[in-house]
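One structure is given here, and the rest of the page talks about it.
Computed from the coordinates by the stated procedures, all read-outs in this text should not be read as laboratory data. Source: prediction; values computed, not measured. Here the Cβ positions follow ideal geometry from the backbone for every residue, glycine too, while neighbour counts run over all protein chains shown.
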Amino acid sequence: MTVTCPDLSVEIAGLHLQNPVMSASGTFGYGVEYEPYLDLSQLGAIVTKAVTLEPREGNPQPRVRETPAGMLNAIGLQNPGAEVFIDDKLPALQRFGVPVIVNISGRSVEEFARLAEMLSIDGVDALEVNISCPNVQEEGMTFGVDCDMTGRLTEAVCAATDLPVIVKLSPNVTDITVIARAAEQAGADALSLINTLLGMSIDVERRLPHLGNVTGGLSGPAVRPVAVRMIYEVARAVDLPLIGMGGVMNAGDALELILAGATGVAVGTANFVEPAAMHQVIDGIAAYCRRHDVARIADLVGAVAADQA
Amino acid sequence: MPRATAILRHREEVVSGHYLLTLDCPEVAKAAQPGQFVHLRIGDGTDPLLRRPFSILLAQPETGEVQILVRTVGRGTGIIATHDEGVAYDLLGPLGNGWEAPAGGEDVVLVAGGIGVAPLIFFADGLRLMERQPYVRSIFGAANQEALVCWTEFAARCDEFTAVTEDGSAGETGLVTDVLAPELERDRPQHVYACGPDGMLAAVARICRDAGVPCYVSMEQWMGCGVGACLGCAVPASAGGYVRVCADGPVFDATEIDWERMKRR
């Protein structure tokens, strides 16, 4: 039998996605910035830039720097705060008819819980809990590199909302499966991974760091093998759906993450390079399914034959 | 959609390390306003990965041609410098706000530093086409004579032109600001428009503020997306927080920028 119209839909934490492809937080603004370049209604979901309780100014410039097949960024969670997000940004996201996943970040367990409560409103379909931002002091990654903190934070957010809770993991840890299990045991409905890898680059002529923040998060194709490996490990360690991200530029890259164990795939840095990258990934996945007679993309999740390597 | 394919028609090394590219791109040529930029992808590989922003030096709707000035500073611009005629670029643009033209008939001063001359050539060109042409004085500064790139194109579009070089190899010796301050005193213009390195823009902004002359600067910053989403190109705003060079600029009223917080570049 030849598959002509593969089923690309997936279920993640109770959300029905028409396809597995979504934006990676922080690379897609609040969606509308990319409206001139692609039809957002075709996406699997839209994941917003991180929202914090109070407005954040962000880090001093320069904030981005290209590296081989990648980039460093240290934006510093610049955002207008939860109230402005709810009033000004969220309504515009409803027009596209796809699930809206709001990424939240905070300085304390209480702040995360308060945000989760505030955002448990119509128009928000799930929360992605950013326990892994490498570019801000005293928050973000501080939670994501510690099992107990990850557990306490996840528990508090789950208690504060009825929305599906997706915990976004940091790759800057010794064993990501330990953190993944802590989030699972605390009640997470899904996990997303990986956030950026902490990195740094130096202008040797001037003997200065390239970034105003000195260090930043590395993303892009350069990090993809790390993402594939971590998704593969976490998929075997937990019983939760995973959203994979890390240097996906095209359908082949997305399929790599899916075969490693990701149910959903987020596209990040590629949006900067090719504003229609997510469309190309979706079309490419469909073409792959037709070529390989795959009736349902969900059948490929974690289907890498590692035992036959 | 602000997106097009541009074919490289001509590449000229105007001075060492500076290339004037003439692109065939009717969509951008038609839509471009002085001060806007294009975000150009170099090849379809992953290294270099990000697009590179370039100010538009001239856009000619009649011929469909767009010119940009490229200085080779790194890997991406180094690759562009090797491209032959016929190469196709995928580009986003025209992007950004551009300069708002004055009402007409005013006295204006344009201040360019190095490669920052590019958008001012386009702006000066537009001023000459106005029904009530402003009187345009321009000051162009660079390290040395060679770095006064495309100065003839700039000078030809202005009523008065002063070159300034740090080493004195052409024009006055010193910095553009050494010429600007007395120039504002001699004959106070209604507006100043500037593009160049951040240090120069900060000094021009200060001089204009002290002289009470409105000043509009076009800024440059490393960019990610170019469309306002990633917040990578943010610069400090005097109102607090940051503004995006790509989407809120690249042209700003100089009083909108917090020059004290502008670090380094």
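Does anything in the stretch A:273-309 have its amide N under 20 Å from the 7 Å Cα→Cβ label point of A:Arg236, and if so which residues?
Counting backbone N atoms under 20 Å from the label point, the list is A:300-309.
Work out the charge dipole of the stretch A:15-81 with +1 on the Cβ of Lys and Arg and -1 on the Cβ of Asp and Glu about the Cα centre, then indicate which of A:Ala74, A:Phe28, A:Val47 is farthest towards its positive end.
A:Ala74
Out of residues 5 or more away from B:Ser238 or on other chains, whose amide H comes under 5 Å of its own, with H placed 1.01 Å from N in the peptide plane?
When sequence neighbours closer than 5 places are left aside, the close amide H contacts are B:Ile257, B:Asp258.
Quick check: residue separation of A:Val3 and A:Ala287 times 0.36 nm, minus the Cα distance between them. What number comes out in nm?
So the extension gain works out to 101.2 nm.
For a quick size check, give me the Cα extents of the protein assembly as shown along its three principal axes, largest first, whole Å.
Result, largest extent first: 75, 53, 44 Å.
Explain nothing, just the number: dipole magnitude of the protein assembly as shown about its Cα centre with +1 on each Lys and Arg Cβ and -1 on each Asp and Glu Cβ, in debye rounded to the nearest 20.
600 debye
Under 28 Å between alpha carbons: how many lysine pairs meet that in the protein assembly as shown, if sequence neighbours fewer than 8 apart on the same chain are excluded?
The result is 4.
With the contact rule set at Cα under 8 Å and sequence spacing of 6 or more, what percent relative contact order holds for chain B?
17 percent
Quick one: net charge around B:Ala29, please, counting Lys, Arg +1 and Asp, Glu -1 for every other residue with C-beta under 11 Å from its C-beta.
-3
With unit charges on the beta carbon (Lys/Arg positive, Asp/Glu negative), name the residue among A:Ala235, A:Val214, A:Leu198 whose Cα is farthest towards the positive pole of the charge dipole of the stretch A:164-309.
The residue sitting most towards the positive pole is A:Val214.
Compare the Cα positions of B:Ala205, B:Val179, B:Pro250 along the charge dipole of the stretch B:107-256 (+1 at Cβ of Lys, Arg; -1 at Cβ of Asp, Glu; about the Cα centre) and return the one farthest towards the positive end.
Towards the positive end, the residue furthest out is B:Pro250.
To the nearest 20 debye, what charge dipole does the stretch A:133-256 have about its Cα centre, counting +1 at the Cβ of each Lys and Arg and -1 at the Cβ of each Asp and Glu?
Dipole of the stretch A:133-256, to the nearest 20 debye: 340 debye.
Write out the cysteines belonging to chain B for which the nearest other cysteine Cβ is not under 4.7 Å, or none if no such cysteine exists.
B:Cys25, B:Cys150, B:Cys158, B:Cys195, B:Cys233, B:Cys246
With the Cα gyration tensor of chain A giving a ≥ b ≥ c as the square roots of its eigenvalues, does the rule (a/c under 1.5 for rounded; else a/b larger than b/c for prolate; else oblate) give rounded, prolate or oblate?
The shape class here is rounded.
Which whole-Hz couplings ³J(HN,Hα) result when phi for each residue of the stretch B:168-178 is put into the Karplus expression 6.51 cos²θ - 1.76 cosθ + 1.60, θ = phi - 60°, listed in order with x for Gly and Pro?
x, 6, 8, x, 6, 9, x, 10, 4, 5, 5
Nearest 10 degrees is fine. How inclined is helix B:198-211 to the longest principal axis of chain B, computing both from alpha carbons?
Approximately 30 degrees, to the nearest 10.
Describe numerically, in nm with one decimal, the distance between label points set 7 Å from Cα along Cα→Cβ at B:Ile79 and at A:Thr215.
So the label points at B:Ile79 and A:Thr215 sit 3.0 nm apart.
What does the structure give for A:53-62 when I average, per residue, the other chain Cβ atoms found within 10 Å of the residue Cβ?
5
Tell me, how many Å apart are the Cα centres for the stretch A:92-112 and for the stretch B:1-77?
37 Å
Note down the relative contact order for the stretch B:107-256 as a percent, whole number, built from C-alpha pairs under 8 angstrom at least six residues apart.
20 percent
For q values of 0.14, 0.21 Å⁻¹, compute log₁₀ I(q)/I(0) with the Debye formula on a Cα-only model of the stretch B:3-95, without solvent.
-0.43, -1.00
Name all residues of the stretch A:22-60 having a backbone nitrogen under 19 Å from the label point set 7 Å from the Cα of A:Ile121 along its Cα→Cβ direction, giving them as ranges.
Flagged as within label range: A:30-32, A:46-56.
Placing +1 at every Lys and Arg Cβ and -1 at every Asp and Glu Cβ, with all other atoms neutral, what dipole size does the stretch B:3-95 have around its Cα centre, in debye to the nearest 20?
The dipole magnitude comes to about 340 debye.
Over the stretch A:10-304, what is the relative contact order in percent, taking alpha-carbon pairs closer than 8 angstrom and at least six residues apart?
In percent, rounded to a whole number, it is 19.
When N counts the residues of the stretch B:107-256, how does its alpha-carbon radius of gyration compare numerically with 2.2 N^0.38 Å, as a ratio?
My calculation over the Cα atoms of the stretch B:107-256 gives 1.03.
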